[in-house]
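Colleague: Mind having a look at this structure? Questions to follow.
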Amino acid sequence: MKTNIRSINPLKSPPSAGYEEMAVEMKLDKLTTKQLTDFLYTVESREEMVRIRKISIAKMKENPEYLSALIQIFTYQPLPPGSR
């Protein structure tokens, strides 16, 4: 998958009650449907508190058998007691 990553950019997110939210926006190119579904299955985890909040998928104009995707991935960490 590393060769499919076009960019990774941090996103600013507002503080939430009791959790620190961190987010990135990833642009991926030249993906097969299987690669994309495997990636999504691996990334989103209830145990690790990782969520995909937004995704946009399109066929690549240059190679219609491949997909490009724009994905916003969020992770949450509990704030230490007394940090709010």
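The values are calculated or read from the model by the stated rules, or taken from the named source; none is laboratory data. Quick caveat: nothing in here was measured; it's all calculated off a predicted structure. Glycine gets a Cβ as well: all are built from the backbone with ideal geometry, and neighbour counts include every protein chain shown. Ligands, DNA and RNA are excluded from the accessible area calculation, which covers all protein heavy atoms including side chains. Shrake-Rupley method; radii C 1.70, N 1.55, O 1.52, S 1.80 Å.
Colleague: Towards the positive end of the charge dipole of the chain, with charges on Cβ (+1 Lys, Arg; -1 Asp, Glu), say which of 69, 49, 14 has the farthest Cα.
Modeller: 69
Colleague: Against the longest principal axis of the chain, how steep is helix 33-43, in degrees 0 to 90 to the nearest 10, with axes from Cα atoms?
Modeller: So the helix axis and the longest Cα principal axis differ by about 10 degrees.
Colleague: Can you classify the chain as rounded, prolate or oblate using the Cα gyration tensor, where a ≥ b ≥ c are the square roots of its eigenvalues, rounded means a/c under 1.5, and otherwise it's prolate if a/b beats b/c and oblate if not?
Modeller: On the way: a/c = 3.45, a/b = 2.40, b/c = 1.44.
Prolate shape, in that a/c is at least 1.5 and a/b is the bigger ratio.
Colleague: Cβ under 9 Å from residue 4's Cβ, residue 4 left aside: what net charge do those residues give with Lys, Arg +1 and Asp, Glu -1? Walk me through the intermediate numbers first.
Modeller: Details: positive: 2, 6, 30; negative: 29.
Charge balance in the 9 Å sphere: +2.
Colleague: If you roll a 1.4 Å probe over the chain with all protein chains in place, what percent of the accessible area is carbon or sulfur?
Modeller: 55 percent
Colleague: Among 35, 60, 23, whose Cα projects farthest towards the positive end of the dipole of the chain, with charges put on the beta-carbon of Lys, Arg (+1) and Asp, Glu (-1)?
Modeller: Going by the charge dipole, the pick is 60.
Colleague: What value, in deg cm²/dmol to 500, does the helix sum -39500 (n - 2.57) over DSSP H runs of n ≥ 4 give at 222 nm once divided by the residues of the chain? Let's see the in-between values first.
Modeller: Working: 1 runs with 11 residues, N = 84.
Computed mean residue ellipticity for the chain: -4000 deg cm²/dmol.
Colleague: While we're on this one: Over the chain, what relative contact order in percent results from Cα pairs under 8 Å that are six or more residues apart? All intermediate terms of the calculation are to be shown ahead of the outcome.
Modeller: On the way: 145 pairs, mean separation 28.4, N = 84.
Answer for the chain is 34 percent.
Colleague: Under a crude label model (7 Å from the Cα following the beta-carbon direction), how far is residue 41 from residue 27 in nanometres?
Modeller: My value for the distance between the label points is 2.9 nm.
Colleague: If you put +1 on each Lys and Arg Cβ and -1 on each Asp and Glu Cβ, how big is the dipole of the chain around its Cα centre, in Debye rounded to 20?
Modeller: Working: 13 positive and 10 negative charges, 48 e Å.
The dipole magnitude comes to about 240 debye.
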